[in-house]
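Working notes, structure below.
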Amino acid sequence: MRNCIFTAVILIIVLFSSYPPAAQEKKIIAVFPTWEPYGYVEDGKAAGFEIETFRTVMDIMGLRVEFVHQPWKRCLHSVKNGLADVVISALKVKERMEYLYYPDEPISMSRTALFTLKDREIDFNGSLDALKGYTIGVTNGFSYGPAFDGSRFLEKDASTETGAVVTKVLLGRNELGAGNIAVIKTIAAKHNASGKIRFLYPLLHSQKLYAGFSKARNHAELTMAFSTALVGFRKSPDYRRIMTKYRMD
């Protein structure tokens, strides 16, 4: 694995040699929401596919990371205002580009779909007009694609955590929910309700997810170095092990 990323490590050393000594000693503060299996807290520690991937790449780069678990909206507030260095699992949307540097290499992919109770007779053909009259659970601060986000006629019920979106559908409080398929499946399994929900197709969207670095903390060079190191890490057996561990392959 080390041989695969030798060039990346050299680049990182060159980039960080221009930083003041005090800056080099600072740890990276990474904020993340509960979004299992991508990121979550287990036994008081940060865990998940993206968390473990990010931690390993930072370790290769010789940087310490402090993971801070927050609701998604607070995560964005933290990086926007320089209270954190990076937010894990951010879509590349226009308004966030004002305060985030995005690496060329994404950390993972997101497949977003509508879901409902298995016995509900709700059809979706891709037209948002078909969703009129239904209340759709969403997670506060998340993006579900430009068309869905910009549809003012949809009745959306926002929750601070995705788990609440699933719970409201299971309890019949909302007819529909929207979310990442891997995340919804994981939450439903924890409720022993995997067989109680079904997903509606086509997808709302499928997009790349990134580790977004704070512009308020001037992380342009760190963003480039991380992207290079991540590309190298993806070629390693360790990366494939992480994918298998979290059932992402």
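The values are calculated or read from the model by the stated rules, or taken from the named source; none is laboratory data. The shown structure was predicted, so the numbers you read here are calculated from the model rather than taken from an experiment. In this analysis, Cβ positions are derived from the backbone assuming ideal geometry, glycine residues included, and neighbour counts consider all displayed protein chains.
Selection of region 33-58 for residues being of a type in the set (A, V, I, L, M, F, W, C) and outside any helix (DSSP H, G or I) yields TRP35, VAL41, ALA46, ALA47. Within region 147-185, if we keep just the residues that are surrounded by fewer than 18 Cβ atoms within 10 Å (Cβ to Cβ), over 17 Å from LYS196 (Cα atoms) and of a type in the set (A, V, I, L, M, F, W, C), the residue that is farthest from the chain's Cα centre (by Cα) turns out to be PHE153. Checking each residue in region 81-101 for being among the acidic types (Asp, Glu) and either crowded, with 18+ Cβ neighbours inside 10 Å or on the phi > 0 side of the Ramachandran plot (or both) picks out only ASP85. From the list ALA193, ALA182, ALA130, ALA225, the one residue that fits, being among the aliphatic types (A, V, I, L, M), outside the structural domain of GLY48 (by TED's automatic domain parsing) and touching a Leu at 6+ places or on another chain (Cβ under 8 Å), is ALA193.
Those residues that are among the aliphatic types (A, V, I, L, M) and modelled with pLDDT under 95, I need them from region 143-159; list them, please.
If the condition is that a residue be among the aliphatic types (A, V, I, L, M) and modelled with pLDDT under 95, then ALA147 is the only one that fits.
Put simply, of GLY232, GLY172, GLY177, GLY212 the only residue that is in contact (Cβ under 8 Å) with a residue 12 or more places away in the chain and at positive phi is GLY172. GLU121 versus (1) farther than 25 Å from TRP35 by Cα; (2) touching a strand residue (DSSP E or B) at 6+ places or on another chain (Cβ under 8 Å): which is the lone unmet condition? The number of the failed condition is (2).
Has region 109-120 got at least one residue that is more than 20 Å from ALA193 (Cβ to Cβ), at pLDDT 95 or above and assigned to a loop (DSSP other than H, G, I, E, B)? Within region 109-120 (the criterion being more than 20 Å from ALA193 (Cβ to Cβ), at pLDDT 95 or above and assigned to a loop (DSSP other than H, G, I, E, B)), the answer is no, since none of the residues qualifies.
Consider GLY62 carefully, then state whether it is assigned to a loop (DSSP other than H, G, I, E, B), under 23 Å from VAL183 (Cβ atoms) and touching a residue at least 12 places away in the same chain (Cβ under 8 Å). No; evaluated as a whole, the condition is false for this residue.
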